[in-house]
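A.B. asks: Following this message is one structure expressed as structure tokens.
The values are calculated or read from the model by the stated rules, or taken from the named source; none is laboratory data. Note that the structure is a prediction, hence the values are computed from the model and not measured. Note: ideal-geometry Cβ built from the backbone for every residue, glycine included; neighbour counts use all protein chains shown.
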Amino acid sequence: MNIIKLISKKNCYIGQNRPAYIVIHETDNWSKGADAKAHANAMKNGNLAGTVHYYVDSKSVYQTLDHSDGAWAVGDGKGKYGITNRNSINIEICVNPETDYYTAVDKTEQLAALLLKQYGWGTDRLKRHYDASRKHCPRRLMDEEKWPEFVKKTELYMKNKNSQNKNETAESKSTKKPDTTEKLNVQLPIIRKNSTGSAVSMLQAMLQVKVDGIFGTQTETSLKAFQKNVKITVDGICGAETWKKVAEHMNANR
């Protein structure tokens, strides 16, 4: 796995980390361009209050802290659940519109497997931010009930030492951008006014309205305008037909 190092010494506990867990997060940053490189640079410049050891998107992996330094990542749990900033390695999955989410998740599974093997740990050491503080994070993995699958795939990557090389070879041979149309149609729920969650955040980012994960009047109005523009039923409800158009729009603007 190619890991780009952009190490920061800001907003962290230098030399105070004794890793015992790998903790998975999502950035919840749906802004255009908010990929791994952008987050890594912002962290390097001291512009992020929260810090982690790695950022992952569908194209790259950035390491932003040495493992010996504690991140400002799970302090909201105040150590109540045994996972702290001084005993964890923290990984953020980017969710910006240009990132193919499921490819980023796959890369994160590979990275987690690499780190677990490096420390001689099993997947019992693989945790969610939720496990450290009860914060709803990683949001989309939890909303889609994908965490058990994430753990299982990480374990498979740990057992198959050639899987990462095969995956990277396939990526290097392919220049085609991932098409999210089919994935969006299958994975995302029907959402309407008063819906909440990561699917709403994704829609809001695409519509370029305030991203808060709450389907309110502004989101409904913008969605109706989008539906009218792409010549589909104007009902303010984002179902299969609308998600397909959303995906086509996202692919066209990559």
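A.B. asks: For the stretch 193-218: of the residues being part of a helix (DSSP H, G or I) and without any contact (Cβ under 8 Å) to a residue 60 or more places away in the chain, which is nearest to residue 102 (Cα to Cα)?
C.D. replies: The selected residue is 199.
A.B. asks: Working only within the stretch 49-72, note down all residues that are touching a His at 6+ places or on another chain (Cβ under 7 Å) and part of a loop (DSSP other than H, G, I, E, B).
C.D. replies: 52, 53, 64, 65, 67, 71, listed by residue number.
A.B. asks: Would you check which residues across the stretch 153-196 are modelled with pLDDT of 80 or more and either under 22 Å from the mean Cα position of the chain (by Cα) or under 19 Å from residue 31 (Cα atoms) (or both) and list them?
C.D. replies: Within the stretch 153-196, 153, 154, 155, 156, 157, 158, 189, 190, 191, 195, 196 meet the criteria.
A.B. asks: Could you run through the stretch 99-120 and say how many residues are outside any helix (DSSP H, G or I) and either in contact (Cβ under 8 Å) with a residue 40 or more places away in the chain or closer than 25 Å to residue 32 by Cα (or both)?
C.D. replies: So the answer is 2.
A.B. asks: For residue 98, indicate whether it is in contact with a Lys or Arg (Cβ under 6 Å, 6 or more places away or on another chain) and within 23 Å of residue 202 (Cβ to Cβ).
C.D. replies: Yes, satisfied.
A.B. asks: Right, something else. Does any residue in the stretch 38-49 that is over 10 Å from residue 8 (Cα atoms) come within less than 9 Å, Cβ to Cβ, of a residue that is aromatic (Phe, Trp, Tyr) six or more places away or on a different chain, and which pairs are these?
C.D. replies: 38/55; 39/55; 39/62; 48/72; 49/72
A.B. asks: Among 88, 58, which is buried (at least 22 other Cβ atoms within 10 Å of the Cβ) and within 16 Å of residue 29 (Cβ to Cβ)?
C.D. replies: Just a single option satisfies the conditions, and that option is 58.
A.B. asks: Would you confirm whether or not the stretch 24-36 contains a residue that is surrounded by fewer than 18 Cβ atoms within 10 Å (Cβ to Cβ), in a helix (DSSP H, G or I) and touching a strand residue (DSSP E or B) at 6+ places or on another chain (Cβ under 9 Å)?
C.D. replies: No, the stretch 24-36 contains no residue that is surrounded by fewer than 18 Cβ atoms within 10 Å (Cβ to Cβ), in a helix (DSSP H, G or I) and touching a strand residue (DSSP E or B) at 6+ places or on another chain (Cβ under 9 Å).
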